[in-house]
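Here the structure comes first, spelled out in structure tokens, and everything after it is commentary.
The values are calculated or read from the model by the stated rules, or taken from the named source; none is laboratory data. None of these values were measured; they are calculated from a predicted model. For neighbour counting, all protein chains shown are included, and Cβ atoms are generated from backbone atoms with ideal geometry for every residue, glycine included. All accessible areas refer to the heavy atoms of the entire protein, side chains included, with ligands and DNA or RNA removed. Shrake-Rupley method; radii C 1.70, N 1.55, O 1.52, S 1.80 Å.
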Amino acid sequence: TLGPVGILVNNAGITRDMAFRKMSDSDWHDVINTNLSSAFYMCRAVIEGMRERNFGRIINISSINGQRGRFGQVNYSAAKAGMYGLTKALALEYAKRGITVNALAPGHIDTNIVQSAGAELVQRLIAENPVGRLGTTDEIARCVLFLASDDAGFITGSTLTVNGGAYMI
């Protein structure tokens with residue numbers, strides 16, 4: 001009804017935080033399915049149309065914890081790390097078809113998920129961050145807009161790290 005999909009932003013994310021030894025199969029599968037498998041299925045649903053039109057932008061929202069890991073987030077870190085492999089492999093397969101595939105690696109952003117961790121953890125995250133604050137959803141949105149724009153047409157297979165200096169690779 002709305003026409004073809006030219007831009008896909010995969011931004012699903014849930015947590016089921018706990019130590020690995022306490023993690024159930026369900027906790028593992030729920031996070032992997034929501035945070036990684038959903039991106040695979042969404043890409044598969046739109047990639048042929050993008051290929052036929054020789055244009056597309058896919059932006060996968062990953063996480064700082066997919067780059068460095070985090071205690072109590074084996075499932076989340078694994079799923080978000082998988083986003084980087086998905087991004088790079090798709091970028092290689094579809095670059096010649098005018099489709100760019102990139103990832104964002106946000107640090108700790110002021111969202112409901114972060115706030116639900118409790119005030120003590122939020123304050124610790126802020127104290128650990130070189131810029132001394134959480135990121136904003138508007139800052140992430142501006143990065144998505146850039147990667148979706150013609151200005152980013154030569155960028156593919158890359159990860160834009162947006163974390164206030166919390167993790168530098």
Could you check, for the range 121-132, whether at least one of its residues is open to solvent by 80 Å² or more (accessible area, probe 1.4 Å), closer than 27 Å to GLY165 by Cα and touching a Gly at 6+ places or on another chain (Cβ under 6 Å)? yes
For the range 66-80, does any single residue satisfy the condition of being closer than 16 Å to LEU8 by Cβ, in contact (Cβ under 8 Å) with a residue 12 or more places away in the chain and either among the aliphatic types (A, V, I, L, M) or open to solvent by less than 50 Å² (accessible area, probe 1.4 Å) (or both)? no
Considering only the range 130-160, state which residues are in contact with a helix residue (DSSP H, G or I) (Cβ under 8 Å, 6 or more places away or on another chain) and of a type in the set (A, V, I, L, M). LEU134, ALA152, ILE155, LEU160
Using beta carbons and a limit of 6 Å, which pairs, at least six apart or on different chains, have the first residue in the range 135-161 and farther than 15 Å from ILE7 by Cα and the second one open to solvent by 90 Å² or more (accessible area, probe 1.4 Å) and modelled with pLDDT of 95 or more? GLY157/LYS88
Residues within the range 136-159 that are open to solvent by 60 Å² or more (accessible area, probe 1.4 Å) and either outside any helix (DSSP H, G or I) or touching a Pro at 6+ places or on another chain (Cβ under 7 Å) (or both), tallied: 1
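Are any of the residues in the range 99-106 open to solvent by 20 Å² or more (accessible area, probe 1.4 Å) and touching a strand residue (DSSP E or B) at 6+ places or on another chain (Cβ under 8 Å)? Give the steps one after another, and end with the answer.
Of the range 99-106, the ones open to solvent by 20 Å² or more (accessible area, probe 1.4 Å) are none.
Among the residues of the range 99-106, not one is open to solvent by 20 Å² or more (accessible area, probe 1.4 Å) and touching a strand residue (DSSP E or B) at 6+ places or on another chain (Cβ under 8 Å), which makes the answer no.
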Tally the residues that are within 17 Å of the chain's Cα centre (by Cα) and either open to solvent by less than 40 Å² (accessible area, probe 1.4 Å) or on the phi > 0 side of the Ramachandran plot (or both), restricting the search to the range 39-64. 10
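Do we find that ASN35 is surrounded by 17 or more Cβ atoms within 10 Å (Cβ to Cβ), of a type outside the set (A, V, I, L, M, F, W, C) and in contact with a Cys (Cβ under 9 Å, 6 or more places away or on another chain) in this structure?
On the way: surrounded by 17 or more Cβ atoms within 10 Å (Cβ to Cβ): yes; of a type outside the set (A, V, I, L, M, F, W, C): yes; in contact with a Cys (Cβ under 9 Å, 6 or more places away or on another chain): no.
It is false that ASN35 is surrounded by 17 or more Cβ atoms within 10 Å (Cβ to Cβ), of a type outside the set (A, V, I, L, M, F, W, C) and in contact with a Cys (Cβ under 9 Å, 6 or more places away or on another chain).
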Exactly one condition in (1) open to solvent by less than 80 Å² (accessible area, probe 1.4 Å); (2) closer than 30 Å to VAL131 by Cα; (3) outside any helix (DSSP H, G or I); (4) not acidic (Asp, Glu) is not met by VAL5; state its number. (2)
